[in-house]
Amino acid sequence: LNAPEFTQERPKPREGEELLRVQDLEVHYLLEKDWLGRPRKWLKAVDGVSFELRQGRTLGLVGESGCGKSTLGRAVLRLQEPTGGKVFLEGEDLGRLSAGELRKRRRSMQLIFQDPFASLNPRMRIGEAVAEPMWVHRMHSTKQQCRDAAVELLEQTGIESSMLKRFPYEFSGGQRQRIGIARALGLKPKLLVCDESVAALDLSVQAQILNLLLELQERFGLSYLFISHDLNVVQFLSDYMMVMKDGKVVEEGEPKDLFASPKEAYTQRLMEGLLRV
């Protein structure tokens, strides 16, 4: 497998309290009903998945295309309503929150998309795009303070202040991903769900973004749920790793142990590149 060239070692993970706990999470889609209108056939995209993630740690989630890993990430964030199970963030059951309470809680958990261009308004300058969510969520008392914070975040993610008035189309894919990361950080999240967030980038740019994620994790104590089909990326970035197949977790453990001696034939085939990714 080709792998990006990483420029720094994975730092020793911090010992932190439990941030995220998922219990028997399910996302089922009704595919077919019988002639009486009763459910007959279901697609079990996520089927009884449980895990926990501690503060400052990274949980890597891998599997072939269609295994349910992206659906799991969206269900954790309540962007996709689960069919069953529970999600706890800092001990709080997200399923019991009202729409208003969930909106406030969303500041603590953000999503980094695979395609950053799709998450940015093409008609909005990037300085405004990064400042906007901070103003909507009243992270600062004035719009100017939001703009000043946006400048600082963009510089921390590698975007110069001279570029603030440019539009998204004027940036490369790697730069747009940096902008997306800065936009998410403006709400001071504790959890970032990275859904194939480097899959569309060249290997050299992948390494830059992954190293940036490590730097930001160390600086802000972030926790990552990192979803990827790239085993090399997951091995480098993760403290713990889960392998999904048909909506279920079929194997899990520390990356070095899974790579050294995978127990499941599915994991072995995934590592050998024999499955759809």
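Read-outs: derived from the displayed coordinates by stated rules, not from any lab. Treat the numbers as computed from the prediction; the structure is a model and nothing was measured. Positions of Cβ are generated from backbone atoms using ideal geometry, with glycine treated the same way; all protein chains shown enter the neighbour counts.
Pairs over the 27 Å Cα-Cα cut-off, from the set Lys104/Lys245; Lys44/Lys263; Lys86/Lys248; Lys69/Lys256: Lys104/Lys245. Values of log10 I(q)/I(0) for the stretch 50-149 across q = 0.10 Å⁻¹ run -0.38, by the Debye formula with one identical scatterer at each alpha carbon and no solvent.
Look at the alpha carbon pairs under 8 Å that are at least 6 residues apart: their mean separation over the length of the chain gives a relative contact order of 27 percent. Computed over the chain, the P(r) tail beyond 28 angstrom holds 38 percent of alpha carbon pairs.
Of all aspartates and glutamates in the structure, the ones whose alpha carbon falls short of 19 Å from that of Lys165, not counting any fewer than 8 places away in one chain, are Glu128, Glu132, Asp148, Glu152, Glu155. For the peptides 88-98, 35-45, residues were scored by their other Cβ atoms within 10 Å and the scores averaged per peptide; the highest-first order is 88-98, 35-45.
Coordinate range of the alpha-carbon atoms in the stretch 142-181 per principal axis, descending: 31, 17, 15 Å. In units of the compact-protein estimate 2.2 N^0.38 Å, the stretch 136-277 shows a Cα radius of gyration of 1.23.
Angle of helix 143-156 to the longest C-alpha principal axis of the chain, folded into 0 to 90 degrees and rounded to 10: 70°. All alpha carbon pair distances within the stretch 205-255 were sorted into 10 Å bins beginning at 0; the resulting P(r) in whole percents reads 22, 52, 23, 4. Taking N as the residue count of the stretch 114-170, its C-alpha radius of gyration divided by 2.2 N^0.38 Å amounts to 1.08. Taking 0.36 nm per residue of separation and subtracting the Cα-Cα distance, full extension of the segment from Glu32 to Glu254 would add 76.0 nm.
Angle check, please: helix 173-185 long axis (alpha carbons) against the longest principal axis of the chain (alpha carbons), in degrees 0 to 90, nearest 10. For helix 173-185, the angle is close to 90 degrees.
Each Cα pair under 8 Å and six or more residues apart adds its separation to the average, and for the stretch 71-205 the resulting relative contact order is 33 percent.
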